[in-house]
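Each remark here refers to the structure printed beneath this line.
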Amino acid sequence: MAFKRKNLAIKETTGENAIANLEVAGLSQRQIVLKRFIHHRGAMISLFTLLFLILFVFSALDNSFLFIHYRGWWHYSINDTPDLLNCKNGAIGCPTLSLNPFSGKFGLGAHPFGQDNIGHDYFALVMRGAQRSLLVTFIIGIVAGTIGTVVGSVAGFYRGIVDNVLMRFVDFLITIPSIIIGSVVGYHFGNLGIAFLALYLGLFTWTGLSRLVRGEFLTLREREFVDAARVAGASNRRIIFKHILPNAVGVIIVSVTLLMSGAILLETALSYLGFGVVAPDVSLGLLISNYQDAFTTRPWLFWYPGLFIVTIALTINFIGDGLRDAFDPRQRRRITKKDRAEATRIKKERESLS
Amino acid sequence: MIAYISRRLGALLVILFGSSFLLYNLESLSGDPTESLRLSLDPKAKYQLVQLINQLDLNTPAPLRYFKWLRGILGGFTGHLNFGMTRDMHTVTSQLAGAIPTTIRLVTTSALVALVLGLMLGIATALRQYSRFDYAVTFFSFLMFSLPIFWVAVLLKEFLAIKFNNFLAHPNISVTWIIILSVISALFWSGIIARESKRFLQIFGGVFALNVAFLELLNAIHWIENPRLGPVVILLGSVGIAYGVTALSTGIENRAALKASLTMAAITTVLYYPIDWIFKKHSSGFVIFILAVLTIGTSVLVGLALAKIDRRPVIRTTIISSLLMGFLILLDRLMQTWKLYLSQDGVYGRPIPTIGQSDPLLSSTDYWVNTMDRVTHIILPTVALTLISFAGYVRFSRGTMLEVLNQDYIRTARAKGLNERTVIMRHAFRNTLIPISTIVVVDLAGIIGGAIITERVFGWHGMGTLFNQAITSFDLNLLMGVFAVTATLSVLANLVADLLYTALDPRIRVGGGK
């Protein structure tokens, strides 16, 4: 067991933090964060749900990714128009998905999510839309995350005139609401394809992150370990990347996840308004926008894309929350009976050793 | 301080100048308003094209045109504010003047409801950290956080408007719904109150039984068809308000405050019929305002008469509780209009509309019918906006409250022997409000320009609609008009938030601190 290793490192086991201290004693920063994250049930469930969803969605349809073409496991593509199936109460194109094991037709059926007006398989459309939304989310996350981190670090580290120029530029961008920028960008560049749209959106959504990173850098650069590194002759680049950035990574990761969950809603909102993804391509927001009037007659055209948006955004939000808890040293986890028992056991073991 | 504010205001002007310049050029670079005319084969198109180019002044390069636009704005200082013309030849100023009140009406209610609900839930979850209730609220708020508003809006239209209107045609709550509603409410209350499993079951059972009885009673007296509170409920409600407000504000042991509030409850009940008569005869916003002033005056007098020492908290408590009681009477009056409203032209017994700001067919001049009409039209957008935005407040106020509860001054307050109410309400709650008040200011400014989707889904004509129109028809002047309003509000709100922070928290100094 790991108790012995922990045991040696315990310095103080009294006071109100005793149990919490016992829990993290002898672990490195990264191990503590990882341990806390794994213990966050909501975040772990969300992480696996999201990973499963990504695999599921991207393997469903034929796709080409970085010059690799692969075939999907789903037998319709978004361009197929099979005949519209009739269903029992006069409606057409109903979903054939049945989750009731006793109904006799348990399983996916021909069109699990139904068909749209002209017979397109809706499952294929939703899969393509979800692919688009995930793509947008990750591109915005990467682009905005990189720009925000770099701008924030440079401004916070060099301070003075560099900081002033960069932060005034951020001020300009922040006054323009993101949906206005998104609409202007989306309306005129939406037809260039989803990747471009996401790229452009990423170019404008990094401002909040850069402010946070700057603040973190401003406090971290005054700390002793930075002085020590500088005295030891480290270059500015080395100090930024090897000393300060690893300490700021918690703030960055957390706000990038929040940025990503905001990004998926921004994309769907823009597509809904008609400023995002345009017609031959599909996105979840566009599907909802197209079929919102069909809700009373054919609700499935509305439900499924919405469920996918909510699931993706919800899992990303929960992962972000788990990360925040894991990186925040002040956050104390709930102390359960199990923790108490473990703490007393460690204490007894230590007493018997001494 | 004055030096600081003027320096900040100077910086604001520079920022506004920079960002408007940026947006103006971005928008004019990003597309061509003449495109459809240039591609048109219509013989008249050439003429129209020249006309359009003249109208939009397209021969001037965009950066220069920006300064022409700016001159119009700066004219505001000499009394000749000129936002330019929209493409269909209205002045932007008149468009904005029509849109701003609509947007404000749309967003204030939801902002208030979201704030109050969010604060209450956030603080309740902080006080019950790691309980089942905490987990449930956390999950719910994350769920709300992840919902696209247009999706929520369609669901609300279906279930809260269409289905609910169907229900109102034959308003009898079915047994299934009675059970569902009672279980939800019982889970909620037992989640908040109970700490152990045994108490949980007791409270759950109690609340469930009360709820079932209550809903059955509503069914039995056909309350939904003809809703009203009546003097008895007003009396009970007022006494409840008196006890509740006193308990939270000064503590129930403050006899003077309790007596004063109870006196106001008695006065409210006695005056119920006279006030109702006044409302029937003369009703307008002004009458309501006068009555509210009278209420405050009376409660000050009652407070003065009953409290000999430490008068301020007593008077405060009395004013809050008497205003809430007055609200009960207003609510009762509005409820009594329900039946009349249902029978109006254009309503046709389906009171919750899915779209629009008011009913164009409504011909009644009755103040209460018109108020009712506004209320029913604002319900759906308010619910949608509230659901989306209150999640943020829940998370934020929970986090802040937890942080505050860990502070030394809370431990000191407990060590002094103060009771839990005083510690929570006076020491923890007030300090929680400081950071929250600053984000509220910024949020309010942001929400004015941010209800674009809500306005579109529910067919309101506010700032969002203008913005939409500006983007799709390349209306640069209109876009800049909308932007000027939202951007100015947002930078001003940031300044106000900073000043508020220093005013509320004396530890923080701005402007280098002298």
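Summary of computed values
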item	result
Within segment B:11-33: backbone nitrogen closer than 16 Å to the B:LEU492 label point (7 Å, Cα to C-beta)	B:11-17
Relative contact order (%) - criterion: Cα under 8 Å, at least six apart; region: chain B	23
Average beta-carbon neighbours from other chains, 10 Å sphere, peptide A:286-297	2
Rounded, prolate or oblate (a/c below 1.5 giving rounded, otherwise prolate when a/b exceeds b/c) for segment B:177-332 by Cα gyration tensor	oblate
Sequence of B:PHE77, B:PHE142 once ranked by neighbouring C-beta atoms within 10 Å, starting from the fewest	B:PHE77, B:PHE142
Cα→Cβ-extended label distance, 7 Å offset, between B:SER284 and B:LEU504, nm	3.8
Extension reserve of the A:HIS69-A:ALA234 stretch, reckoned as 0.36 nm per residue once the Cα distance is removed	54.8 nm
Efficiency of FRET between A:ASN79 and A:PHE196 - r from beta-carbon atoms, R0 25 angstrom, step 0.05	0.70
Other protein chain Cβ atoms within 10 Å, averaged over every residue that makes up B:458-471	2
Full-stretch length increase - A:GLU224, A:ASN117 - with 0.36 nm per residue and alpha-carbon distance subtracted	31.9 nm
Using a Förster distance of 41 Å, the FRET efficiency for B:LYS46-B:ILE100 (Cβ separation, nearest 0.05)	0.60
Distance in nm between pseudo-label sites at A:MET44 and B:THR108 (7 Å out along the Cβ direction from Cα)	5.0
Packing-based exposure ordering (other Cβ within 10 Å, fewest first) of A:GLU216, B:GLU253	B:GLU253, A:GLU216
Label-point gap, in nm, between B:ASN25 and B:ARG255 - each point 7 angstrom along Cα→Cβ	7.5
Segment A:212-354 shape via C-alpha gyration tensor axes, a/c threshold 1.5	oblate
Global geometry of segment B:101-251, whether rounded, prolate or oblate, following the gyration tensor of its Cα atoms and the 1.5 cut on a/c	rounded
Share of pairwise Cα separations in segment B:398-514, more than 17 Å, in percent	68
Those residues of segment B:319-334 whose amide nitrogen sits under 15 Å from the label point placed on B:LEU304, 7 Å along Cα→Cβ	B:319
Chain lengthening between B:GLU403 and B:SER174 when straightened (0.36 nm per residue, less Cα-Cα)	77.9 nm
Other protein chain Cβ atoms within 10 Å, averaged over every residue that makes up B:136-148	5
Least to most buried among B:TYR135, B:TYR4, B:TYR273, B:TYR393 (fewest other Cβ within 10 Å first)	B:TYR273, B:TYR135, B:TYR4, B:TYR393
222 nm mean residue ellipticity, helices alone, for chain B (DSSP H n ≥ 4; -39,500 (n - 2.57); rounded to 500)	-25000 deg cm²/dmol
Burial ranking of peptide ranges B:65-71, B:264-270 (average Cβ count within 10 Å, highest at the top)	B:264-270, B:65-71
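A short reminder: the numbers here are calculations on the coordinates, not readings from a lab. Keep in mind it's a predicted model, so treat the numbers as computed, not measured. All Cβ positions, even for glycine, are placed from backbone atoms using ideal geometry, and neighbour counts span all protein chains on display.
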